[in-house]
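**Q** Supplied in structure tokens, the structure appears directly below.
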Amino acid sequence: MQGFKYSCALIAVLVCSAAVHAQSAADVEVKVIPLSDNIHVVMGMGGNIGVTTGKDGTFIIDDDMPPLAEKIEAAIATISDDPVKMIFNTHWHFDHTGGNKHFGEKGAQIIAHDNVRERMSTKQSSALFNNETPASSNVALPVVTFDNTLTLHLNRNTIKAIHLPPAHTDGDSILIFEEANIAHLGDLFFNGMYPVVDISAGGSVQGMIDAIDAMLPMLNADMQLIPGHGPVSDIEGLKEFRLMLATVHSRVNTLVEEGKTVEEVLKLRPSYNYDQKWAWDFMPPDRFVKIVYDSAAASAAAGN
Ligand SMILES: [Zn+2]
């Protein structure tokens, strides 16, 4: 039921009332999954959270949605008594940065790519979701930003943060824990779920495929991969995601080149053989195909 709860909560945040939203948050059971002696994944309602604890303090990657902050904090407290000292945001979306204000007010320092701070500093509009995300308060903004790479040395791990060219958004980063052989891929990997691709924020489906191709040489067969959404996976799971994306994108792109309208493309069901495994409440086949169509059409219009 995890997926159902998550998707209802996401839809509630986007289009429903605050009351429904609060109700969904109250129902969420936050899970803590160990990946090594000092690295865990915390799964709530939004993006998966990576957590490392130890003598250098508690460092987390992403922090879910605003109403979950106290539950996330309680889950982290089952791993360590130390407060959250540092947060890394893999991108600006509210289901990955929603706890920034809560933890920032308690003194946590926030790190992210330059474009994450820029987007969070101003109101963002999404054509796909027909919604607006207000600018974040100062305390919720990243205080350390970087352009291409950043290395953290924490809790016996060398943690490389790597920014990739526009893909899910224009401010995506992945993090690799070198000694532990674990990576958090943010929303560049939706495991077993059709992804959201935020075209309004500079993303594209081709960019997602290119980002996976760029990161594959940095990963290895024994590595545990934390996706932005869905269960912990490995390189084979990531390759399966890439194959699905590339196949649907190629089919849709051909139809775009033939001059078909979005309605015509939807009728042809270009994702038909993937729908059973990858579609979910929030991203049914038609919505996913429309994202791929819009992305392919935008690339064609730009002459790429
Ligand atoms: Zn996202």
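**Q** If you keep only loop residues by DSSP, which chymotrypsin sites (Phe, Trp or Tyr not before Pro) in the stretch 184-278 have at most 15 other Cβ atoms within 10 Å of their Cβ?
**A** Working: sites: 189, 190, 241, 272, 274, 278; in loops: 189, 272, 274.
Hits after loop and neighbour filter: 272.
**Q** Could you work out the equivalent-ellipsoid semi-axes for the stretch 178-226, taking the square root of 5 times each eigenvalue of the Cα gyration tensor, largest first, in whole Å?
**A** Values: eigenvalues 101, 27, 16 Å².
Equivalent-ellipsoid dimensions as semi-axes: 22, 12, 9 Å.
**Q** Anyone know which of 112, 214, 161 comes out most mobile in the 10 Å Cα GNM of the chain?
**A** So, out of 112, 214, 161, the one fluctuating most is 214.
**Q** Give 160/239; 31/71; 101/123; 239/290; 55/85 a once-over and call out the pairs whose C-alpha atoms are over 20 Å from each other.
**A** Working: 160/239 22 Å; 31/71 10 Å; 101/123 16 Å; 239/290 23 Å; 55/85 11 Å.
In this structure, 160/239; 239/290 lie more than 20 Å apart at Cα.
**Q** Could I ask something else about it? In cubic angstrom, how much convex hull volume per residue do the alpha carbon atoms of the chain span? Please list the in-between numbers first.
**A** On the way: hull volume 37.3 nm³, N = 304.
Per-residue hull volume (Cα only) is 123 Å³.
**Q** Further, regarding this structure: Quick check: net charge around residue 208, other residues with Cβ under 12 Å of its Cβ, Lys/Arg +1 and Asp/Glu -1?
**A** On the way: positive: 242; negative: 172, 187, 198, 210, 213.
Cβ neighbours under 12 Å give a net charge of -4.
**Q** Given contacts defined as C-alpha pairs under 8 Å and at least six residues apart, what's the relative contact order of the chain, whole-number percent?
**A** Details: 601 pairs, mean separation 39.0, N = 304.
That works out to 13 percent.
**Q** Select from 82, 172, 63 the residue whose mean-square fluctuation is largest in a Gaussian network model of the chain (Cα-Cα springs shorter than 10 Å).
**A** 82
**Q** Using DSSP to define loop residues, name the GluC sites (Glu not before Pro) in the stretch 244-288 whose beta-carbon has at most 10 other beta-carbon atoms within 10 Å.
**A** Working: sites: 257, 258, 263, 264; in loops: 258.
Listed in order of number, the matching sites are 258.
**Q** Sum -39500 (n - 2.57) across every DSSP H segment of at least 4 residues in the chain, then divide by the residue count to get the 222 nm mean residue ellipticity, nearest 500.
**A** Working: 11 runs with 113 residues, N = 304.
Value at 222 nm, helices only, nearest 500: -11000 deg cm²/dmol.
**Q** Then there is this: Mind putting a number on the dipole of the chain about its Cα centre? Charges go on the C-beta only, +1 for Lys and Arg and -1 for Asp and Glu, and I need it in Debye to the nearest 20.
**A** Details: 21 positive and 37 negative charges, 56 e Å.
Charge dipole, the chain, about its Cα centre: 260 debye, nearest 20.
**Q** Provide the convex hull volume over Cα atoms per residue for the stretch 136-270, in Å³.
**A** Values: hull volume 18.3 nm³, N = 135.
Cα-based convex hull of the stretch 136-270, divided per residue, equals 136 Å³.
**Q** Moving to a separate point now. Rank 150, 107, 68 by how far each Cα sits towards the positive end of the charge dipole of the chain (+1 on Lys, Arg Cβ; -1 on Asp, Glu Cβ) and give me just the farthest.
**A** Of the listed residues, the answer is 68.
**Q** Rounding to the nearest 10 and keeping the result within 0 to 90°, find how far the Cα-based axis of helix 235-257 lies from the longest principal axis of the chain.
**A** 30
**Q** May I ask you to give the average projected area over all directions of the convex hull of the Cα atoms of the stretch 219-261, in nm² rounded to one decimal?
**A** Averaging across all directions leaves 4.0 nm² for the Cα convex hull.
**Q** Something else about it: Quick check: the angle from helix 2-15's long axis to the longest principal axis of the chain, C-alpha only, nearest 10 degrees?
**A** With both axes taken from Cα atoms, the answer is about 80 degrees.
**Q** I've got another one for you. Once every Cα of the stretch 105-204 carries one equal point scatterer and solvent is ignored, give the base-10 log of I(q)/I(0) from the Debye formula at q = 0.14, 0.15 Å⁻¹, two decimals.
**A** Once normalised to I(0) and log-transformed, intensities are -0.62, -0.71.
**Q** Looking at the stretch 112-179, which trypsin sites (Lys or Arg not before Pro) are in a loop (DSSP not H, G, I, E or B) and have at most 15 other Cβ atoms within 10 Å? Working shown, then result.
**A** On the way: sites: 117, 119, 123, 156, 160; in loops: 123, 156.
In loop regions of the stretch 112-179 (DSSP not H, G, I, E or B), the sparsely surrounded trypsin sites (Lys or Arg not before Pro) are 123, 156.
**Q** For the chain, modelled as a Gaussian network with Cα springs under 10 Å, which listed residue fluctuates most, 197, 51, 232?
**A** In the Gaussian network model the winner is 232.
**Q** For residue 128, enumerate residues with amide H under 5 Å from its amide H, sequence gap 5+ or separate chain, H modeled in the peptide plane.
**A** 200
**Q** Something else now. Please give the contour-minus-distance gain from residue 250 to residue 302: 0.36 nm per residue of separation, less the Cα-Cα distance, rounded to one decimal in nm.
**A** Separation in residues times 0.36 nm, less the Cα-Cα distance, equals 17.0 nm.
The numbers here are math on the coordinates, done by the rules we state, and not lab data. Quick caveat, the model's predicted, so the values are computed rather than measured. Heads up, the Cβs are rebuilt from the backbone with ideal geometry, glycines too, and the neighbour counts pull from every protein chain shown.
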